[in-house]
Amino acid sequence: MPIPQIPPLNQDADLEQVKTYVIRLERTLNFLLENGLDSENMFEVGGWRVQNDTLASKDGDVGMTTSGSAATDIRLWAGSTDPNTAPWRVTKGGKMYTTGAVIQSSNGYPRVEMNPDENLFGAYASATNYLAVLALGSSMSPQLLFSAPSSNMFMFVSGSSAILGATSADIRISSNRNVYLSPGANVYDVITPFDQFKDSSTNQTLYSMLLGKASAGVSTGSSGSHNHGIAAGTQLMVSGGGTVTWQVAPTHTHTQI
């Protein structure tokens, strides 16, 4: 076995340096006497601090431990010197907590991302073709956003309004069965301007088609006289006896209702 090289203690060392020197000396001696490595004779390996039940980086923000027996005790952590609040941590029971994550293919896309800086959870086919759930703030629900290179569709709830919208794209609702629009409680309505309600067959709006129909209170145009198929002057018998003479209807109008 090679002779260990133990550096001398600096004569100006402070108390902490003395304590560290003694611990290193004790563990070196234990190793030489027992001819083995364990937490009793190791202090640091490759920048990792060794304790009886914990292996952690020098700065303490990455590590693992066997301390604690509860399912909620932290076993692995990264990103903080406090394992219980670290942004990435795993419990003894196997539950993982993280403030951000990226799962992607070797080419970068497709990918699934949880981004704490932008408050979103997204699934990406490419940088401009994706589905995302966005946090809009405490006064609104999260927004579900379908984004394509040149258009998008979104859904969210704000107050008493549930909003389904799109930019630079038509919205098409289709089914191989009926499509129902059902306002609630018989006091609500389907609301849309008649001049934007269009028949796909004739390309005419409901408003323009109604203009060609009857208008309440307005008289029709004048119509010519007519006899309804019975010659003028024809004598018609009346039930109970007697006759009447058929007259031709003169030119007239009708008031629309």
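Any read-out appearing in this document is the output of simple, stated calculations on the displayed coordinates, not a laboratory observation. Because the structure is predicted, anything quoted here is derived from the model rather than measured. Neighbour counts are summed over all protein chains in view; Cβ atoms, including those assigned to glycine, are modelled from backbone coordinates with ideal geometry.
Quick look at the numbers
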quantity: Label-point separation in nm, T128 to V238, each point 7 Å along Cα→Cβ; calculated: 8.7 nm
quantity: Relative contact order, percent, the chain [alpha-carbon distance under 8 Å, six or more residues apart]; calculated: 6 percent
quantity: Distant-in-sequence amide H partners of L136 (H built 1.01 Å from N, under 5 Å); calculated: Q143
quantity: Values of log10 I(q)/I(0), in the order q = 0.17 Å⁻¹, for the chain under a Debye, Cα-only, solvent-free model; calculated: -1.36
quantity: Residue of Q143, Q11, Q204 that the Gaussian network model of the chain assigns the largest fluctuation, springs spanning Cα pairs under 10 Å; calculated: Q204
quantity: Highest-first arrangement of 60-67, 20-27, 223-230, where packing means the average Cβ count within 10 Å; calculated: 60-67, 20-27, 223-230
quantity: Acute angle (nearest 10 degrees) that the helix 15-34 long axis makes with the longest principal axis of the chain, alpha-carbon atoms; calculated: 70 degrees
quantity: Globularity index of region 134-205, i.e. its alpha-carbon radius of gyration over 2.2 N^0.38 Å; calculated: 1.40
quantity: Descending semi-axes in whole angstrom, ellipsoid equivalent of region 207-257, from the Cα gyration tensor; calculated: 35, 13, 9
quantity: Highest to lowest packing among 232-243, 148-159, scored as the average C-beta count within 10 Å; calculated: 148-159, 232-243
